[in-house]
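Each remark here refers to the structure printed beneath this line.
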Amino acid sequence: MARIAKRQDAVKSRESRQHISNAGEDLTSLIVPVIRLGASFSRAGESIAAAGGQTLARWLVLETVGEAPETVAQIARGLGYTRQSVQRVADLLTQDGLTQYAVNPAHQRSQLVQITSFGRKTLSSIQRAQRVWADRIGSQIGEGELRKAGSVVDNLARILKTQ
């Protein structure tokens, strides 16, 4: 049986990774905490969505079509999900009366997902729970820190989008 070589270079100290700049090292040090933060946001999102009897995925679709109807493909692109997974969620939301499909004047075969009045009430209850959560967490961090973090995240997302 062949042995797989251990990849020790992935965990070497800053001094031993001389080929990476300080800015590159700082970005690398940010990646794991941001991934953990994403997982924490997902857990919090599931808990918040439960206030309206929904899941995070269902909440995100409701939120997306809460302002204006969109196609499944548009929703998927905006959320960074696959079209198939959004289609499944949209079908379930429609089955539960939270959304409905509507004719799309711009495309015959691609219907619009549109929020219903029941969906709007459900979304409002989730948004209320989210505001309570955001106020509680945000007050612990502070407005200035959150603005700085938001600016860095926006800039990083913009740069990564072009890569």
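One residue stands out in region 113-144 among those that are free of Cβ contacts under 8 Å to residues at least 40 places away in the same chain and not in a helix (DSSP H, G or I): the one that is surrounded by the fewest Cβ atoms within 10 Å (Cβ to Cβ), namely G142. So which residues in region 10-54 are modelled with pLDDT of 95 or more, more than 26 Å from L146 (Cβ to Cβ) and of a type in the set (A, V, I, L, M, F, W, C), if there are any at all? Residues satisfying the conditions do not exist here.
Taking the conditions (1) at pLDDT 95 or above; (2) surrounded by fewer than 17 Cβ atoms within 10 Å (Cβ to Cβ); (3) over 26 Å from K161 (Cα atoms) in turn, S110 satisfies each one other than (1). Note on region 33-90: among residues that are under 11 Å from the mean Cα position of the chain (by Cα) and among the hydroxyl-bearing types (S, T, Y), the one that is surrounded by the fewest Cβ atoms within 10 Å (Cβ to Cβ) is S42.
Taking the criterion of being farther than 30 Å from S110 by Cβ, out of contact with any helix residue (DSSP H, G or I) (no Cβ under 9 Å at 6 or more places or on another chain) and aliphatic (A, V, I, L, M), the residues of region 20-71 that qualify are A23, I31, V32, I35, L37, A39. Out of I20, I75, I31, one residue alone is over 19 Å from R136 (Cβ atoms), among the aliphatic types (A, V, I, L, M) and assigned to a loop (DSSP other than H, G, I, E, B). It is I20. Reported count of residues in region 84-112, each being in a helix (DSSP H, G or I) and touching a Ser or Thr at 6+ places or on another chain (Cβ under 7 Å), is 2.
The values are calculated or read from the model by the stated rules, or taken from the named source; none is laboratory data. All values derive from a computational prediction rather than experimental measurement. Because the Cβ atoms are built from the backbone with ideal geometry, glycine has one as well, and the counts that use them run over all protein chains shown.
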